[in-house]
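Below you'll find the structure, written out as structure tokens, and then a few comments.
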Amino acid sequence: MRMFFLSMAMSLAAATAARADQVWVTMDQVAPYAFKQEVDQIVVGNPGIADITVRDKNNVLIFGKAPGVTNLFLFDSEGKEIENLIVRVRSVGAEMLTFHRGGQRHTYNCMTYCEPTITIGDNEATFGVVTQQVQQKYQQATAANTQAE
């Protein structure tokens, strides 16, 4: 009986030590995250799913790029592992509408009016057109900023 309780206690301790914290981020949005202690180095498991912007040694902004799961390994100034943070990126918010027509998928952002938006997995033609429009708008904004300076 003692062996049973001893093995249960050891299993529980191992499971607690291996548990990693996690954070949820919505795709195409940023979430602030504060570390428990100062971090010197961060390694992003899959920057295609989520990426970061470092604010200081205690805070980052986590950007959800694509639906999925990745992790951030955090190290201190001596190179010791501090934490393995699991990052889960979800694809759809409450204001998103996904429309299926045959084998084609289209996604719309419906805040006040429904407008097409870029979402991974959408119909290639729609995705390409919306992407091109977003890039043109960005170029116009960048050119306007350059001229204003």
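Observations on the structure shown:
- Residue check for Val130: touching a strand residue (DSSP E or B) at 6+ places or on another chain (Cβ under 6 Å) and not assigned by TED's automatic domain parsing to the domain that holds Met27: yes
- With respect to the conditions (1) under 30 Å from Asn109 (Cα atoms); (2) surrounded by fewer than 16 Cβ atoms within 10 Å (Cβ to Cβ); (3) in contact with a Phe, Trp or Tyr (Cβ under 8 Å, 6 or more places away or on another chain), Val60 falls short on a single one, namely (2).
- Extreme residue, surrounded by the fewest Cβ atoms within 10 Å (Cβ to Cβ), among residues of the stretch 85-138 that are among the basic types (Lys, Arg) and in contact (Cβ under 8 Å) with a residue 24 or more places away in the chain: Arg90
The values are calculated or read from the model by the stated rules, or taken from the named source; none is laboratory data. Bear in mind that the values here come from a model prediction, so they are computed numbers and not experimental data. When we count neighbours, we look across all protein chains shown, and the Cβ atoms used for this are built from the backbone with ideal geometry, even at glycine.
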